[in-house]
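The structure appears right after this line, and notes come after that.
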Amino acid sequence: MKPIATPKYSGAISQPGRRKAALRDDGGTSGGNAPLALPYLSGYAPALQQQVRDWLEAGKAGQWLLDRHPEAHNRRTDKSLYDYVDALRNEHLRNAGLLHKVAYDSKIHVVRNALGLHTRRAIAHGGRLNARHEIHVASMFKHAPEAFLRMICVHELAHLRELDHDKAFYQLCTYMEPQYHQLEFEVRLYLSYLDTGGAPLWGAGAEGRA
């Protein structure tokens with residue numbers, strides 16, 4: 001596939017949004033030959049969505065992802081995740097503020113419909129208000145390629161400077177990770193693969209897979 005441009009929205013789609021997408025794709029009916037709904041890719045070009053449908057229905061998407069990313073990273077603890085994210089911050093955003101917490105979170109993908117989360121709180125200290133930054137990453141990325149983890153972490157780090165998903169935000173993402181847009185597409189393809197019943201490609205549940 002050619003490099004992909006990220007749609008203006010970002011983050012996983014909500015369950016109500018997924019139901020609406022499914023109804024839109026099958027014309028509001030539950031029968032017939034309805035096209036496969038792709039809520040995680042709904043912002044991409046129709047031709048690309050159709051290509052993904054063809055791959056999913058033919059069973060090619062998982063192998064394509066494995067060919068591109070054969071191995072998972074080894075940053076499975078919150079401490080190793082913190083060290084990884086803080087190293088990215090020191091390399092690209094040294095003056096953007098300190099990270100007070102970085103952790104995997106088993107709830108944000110289900111409860112907040114997100115893959116990562118950046119929070120900013122004002123803490124009073126010595127008569128001054130200091131910003132406290134925390135980054136949470138969905139636990140499913142404990143068992144994922146390093147490139148996928150990097151894309152999620154870069155996205156959340158960009159929020160240290162840019163709050164909105166606007167042009168400046170994505171410019172900062174691509175400054176930190178030049179392949180950001182392609183990697184976001186591949187993450188969304190993986191989510192679509194899982195959403196259609198595909199088995200995890202990396203981690204303990206994927207033992208014995210190519």
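A few notes on this one:
- Filtered by the rule that a residue be over 22 Å from R68 (Cα atoms) and in contact (Cβ under 8 Å) with a residue 12 or more places away in the chain, the range 145-174 gives E156, L157, A158, H159, L160, R161, H165, Y170, L172.
- Test for L36: is it in contact with a helix residue (DSSP H, G or I) (Cβ under 9 Å, 6 or more places away or on another chain), closer than 15 Å to Y193 by Cα and surrounded by fewer than 19 Cβ atoms within 10 Å (Cβ to Cβ): yes
- Taking the criterion of being in a strand (DSSP E or B) and over 26 Å from P200 (Cβ atoms), the only residue of the range 134-164 that qualifies is E134.
- When the range 33-79 is filtered for residues that are more than 26 Å from S139 (Cα to Cα) and assigned to a helix (DSSP H, G or I), the ones remaining, listed by number, are P46, A47, L48, Q49, Q50, Q51, R53, D54, W55, E57, A58.
- Condition check for E186: acidic (D, E), modelled with pLDDT of 95 or more and either closer than 21 Å to K79 by Cβ or not in a strand (DSSP E or B) (or both): yes
- Single match in A168, A158 (criterion: out of contact with any Phe, Trp or Tyr (no Cβ under 7 Å at 6 or more places or on another chain) and of a type in the set (G, A, S)): A168
- Only residues that are of a type in the set (A, V, I, L, M), modelled with pLDDT of 95 or more and surrounded by fewer than 23 Cβ atoms within 10 Å (Cβ to Cβ) were counted across the range 155-183, and they come to 3.
The values are calculated or read from the model by the stated rules, or taken from the named source; none is laboratory data. Treat the numbers as computed from the prediction; the structure is a model and nothing was measured. No Cβ is skipped: glycine too gets one built from the backbone with ideal geometry, and neighbour counts run over all protein chains shown.
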